[in-house]
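A short worksheet on the structure shown next.
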Amino acid sequence: MRSMDRLLAVFAAIALLLPAAVFAAAPATVEAVQAPAWRDRGGITAPLAPGMELESGDVLRTGPGARAYLMLAEGSRVKLGEAAQFTLHSQSIRPEKSFRGALDIVAGAFRFTTGKLKKTLPREVAIRVGTATIGIRGTDIWGKTDKDGDLVALIQGRIEITRAGQTSELAQAMTYYDAPVGKAAVVKPLDMETFVKLARQTEIMAGDGAARAGGKAHILVAAATSEEAALELYERIRAAGFAVRILPRATEGGGWRYELRLGGYADAAEADAAAAVLHAMTGLKPVVTP
């Protein structure tokens, strides 16, 4: 048996002895990104990318005009708006079976929607929005926190909100909890026009320039003829909040050309929109490729 085959056999044997918890799903996965956006973990910052698995304690940040969709392992979706800061906390051993944890919205807007096919799964989710804590009972909610206060809109379902030791229950769809800084909270009806405006703050629309897993269009951001120059560009682009990759290409003269590329866009229109944002942030001149 070749050495590689022996190594694979050893790995397979070890896998059979490991407990199932070792192979548990990640608490959440990044579904879509309208850059710029970043993940902070253990003092290291990386640009957010579709398919990226998230761990308990991860902090996500979105930049101006950005959006991000996250899929919790148990099927709920979290949508983040621009200038948001979000922390994921999970105590689940098997989060795809039973989710226990908290979603902490320090700044910006979000939307939380329970997966329709998994509403009956056991879950204990607390959502903290600024100074308010929300208890979830299988629902669809939108919320935001900023310098003016906290706002939580109930789109469907039922929630309990605790703020300054006082608990309120929202059981009627299309109502919202308005808690301005320094004032008492008030529950108000949510009209459709206001709801549409709120929802747009967290929604990714066609043509916004979002990347998703499986997208076929790419962006050639830049190219370099040396590793040093390529790495310098790589760090610059990633710091700007774009999950760029380096692809070495052999040249006819026997040297190398290092291409810096972004991928995951559904079509050229999405890639064009992302390229325009990147150009405005970095001054680089990206080119969209099939």
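The values are calculated or read from the model by the stated rules, or taken from the named source; none is laboratory data. Since we're looking at a predicted model, the values are computed, not measured. Every residue, glycine as well, gets a Cβ built from its backbone with ideal geometry; the counts of neighbours run over all protein chains shown.
Considering ALA107, ALA26, ALA49, which residue is at pLDDT 95 or above and assigned to a loop (DSSP other than H, G, I, E, B)? Reasoning before the result, please.
Details: ALA107 fails: assigned to a loop (DSSP other than H, G, I, E, B); ALA26 fails: at pLDDT 95 or above.
Of ALA107, ALA26, ALA49, the one residue that is at pLDDT 95 or above and assigned to a loop (DSSP other than H, G, I, E, B) is ALA49.
Okay, residues lined up against (1) farther than 24 Å from MET205 by Cα; (2) of a type in the set (Val, Ile, Thr):
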position: GLU232; (1), (2): yes, no
position: ALA239; (1), (2): yes, no
position: ALA250; (1), (2): yes, no
position: ALA266; (1), (2): no, no
position: ALA275; (1), (2): no, no
position: MET281; (1), (2): no, no
position: LEU284; (1), (2): yes, no
position: THR289; (1), (2): no, yes
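Restricting PHE195, PHE242 to residues that are within 26 Å of the chain's Cα centre (by Cα) and within 30 Å of ALA132 (Cβ to Cβ) narrows the list to PHE195. When you scan the stretch 214-236, do you find a residue that is within 23 Å of ASP40 (Cα to Cα), touching a residue at least 12 places away in the same chain (Cβ under 8 Å) and within 20 Å of the chain's Cα centre (by Cα), even just one? Checking the stretch 214-236: not a single residue is within 23 Å of ASP40 (Cα to Cα), touching a residue at least 12 places away in the same chain (Cβ under 8 Å) and within 20 Å of the chain's Cα centre (by Cα). Within the stretch 233-290, being assigned to a strand (DSSP E or B) and over 20 Å from MET52 (Cβ atoms) holds for PRO248, ARG249, ALA250, TRP256, ARG257, TYR258, GLU259, VAL287, VAL288, THR289.
Quick check, is ILE93 modelled with pLDDT under 90, surrounded by fewer than 16 Cβ atoms within 10 Å (Cβ to Cβ) and assigned by TED's automatic domain parsing to the domain that holds VAL33? So ILE93 passes the test. Out of ILE246, ILE237, one residue alone is among the β-branched types (Val, Ile, Thr) and surrounded by fewer than 19 Cβ atoms within 10 Å (Cβ to Cβ). It is ILE246.
If you go through the stretch 178-202 and keep only what is touching a Lys or Arg at 6+ places or on another chain (Cβ under 8 Å) and either loosely packed, with under 11 Cβ neighbours inside 10 Å or under 15 Å from THR139 (Cα atoms) (or both), you end up with nothing.
Among residues of the stretch 140-164 being among the basic types (Lys, Arg) and part of a strand (DSSP E or B), the one that is nearest to the chain's Cα centre (by Cα) is LYS144. Might you let me know whether the stretch 186-198 holds any residue that is in a loop (DSSP other than H, G, I, E, B), more than 21 Å from ALA280 (Cα to Cα) and not β-branched (Val, Ile, Thr)? Yes: one or more hits.
Checking the structure you have, find out if any residue of the stretch 110-128 is assigned by TED's automatic domain parsing to the domain that holds PHE86, in a helix (DSSP H, G or I) and in contact (Cβ under 8 Å) with a residue 40 or more places away in the chain. Break it down into steps so the answer makes sense when it comes.
In the first step, residues of the stretch 110-128 are kept if they are assigned by TED's automatic domain parsing to the domain that holds PHE86; the result is 110-128.
Filter once more, so that each one left must be in a helix (DSSP H, G or I): 116-118.
Add one more test, that the residue is in contact (Cβ under 8 Å) with a residue 40 or more places away in the chain, and what stays is 117-118.
The answer is yes, given that some residue of the stretch 110-128 is assigned by TED's automatic domain parsing to the domain that holds PHE86, in a helix (DSSP H, G or I) and in contact (Cβ under 8 Å) with a residue 40 or more places away in the chain.
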